[in-house]
Amino acid sequence: MVKENHIDRALAFMEQLEKLGSQLEKADEQQKLMLQRMLIKSQNHETDTDEYRDLEQRSKDLQAMINKWRPIYEERLKMVKEAQKAAKK
């Protein structure tokens, strides 16, 4: 019974890790799109617009989220890889 609980917890951990990785990928893609739009606006001298300021704020917020969660994701991924390596021995 206890072993089953550990397996369930490990599976849930792996599922959450996979979701976090996917969310970070999507956030990276979204960030690239926003930065591209900002660059185009900047090249067109449209940095004094509400749209540009909105993009800039959304980009900053998204980058803050990425900066917060990427180290957590990488740390957990490292734990999984170390556990897999230990299990193979």
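The values are calculated or read from the model by the stated rules, or taken from the named source; none is laboratory data. Model, not experiment: these values are computed from the prediction. All Cβ positions, even for glycine, are placed from backbone atoms using ideal geometry, and neighbour counts span all protein chains on display. Remember, those area values only see protein heavy atoms, side chains included, never the ligands or the DNA or RNA. Shrake-Rupley method; radii C 1.70, N 1.55, O 1.52, S 1.80 Å.
Between Asp28, Asp54, Asp50, which is without any contact (Cβ under 8 Å) to a residue 24 or more places away in the chain and open to solvent by less than 100 Å² (accessible area, probe 1.4 Å)? Write out each step before concluding.
Values: Asp28 fails: without any contact (Cβ under 8 Å) to a residue 24 or more places away in the chain; Asp50 fails: open to solvent by less than 100 Å² (accessible area, probe 1.4 Å).
Result: Asp54 is the single residue among Asp28, Asp54, Asp50 that is without any contact (Cβ under 8 Å) to a residue 24 or more places away in the chain and open to solvent by less than 100 Å² (accessible area, probe 1.4 Å).
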Filter the range 42-73 down to the residues that are under 30 Å from Met14 (Cα atoms) and charged (D, E, K, R), then identify the one that is nearest to the chain's Cα centre (by Cα). Arg70
For the range 57-89, name all the residues that are open to solvent by 90 Å² or more (accessible area, probe 1.4 Å), part of a helix (DSSP H, G or I) and farther than 17 Å from Gln23 by Cβ. Gln57, Lys60, Lys78, Met79, Lys81, Glu82, Gln84, Lys85, Lys88
Just one of the numbered conditions (1) modelled with pLDDT under 95; (2) more than 16 Å from the chain's Cα centre (by Cα) is not true of Leu39; which one? (1)
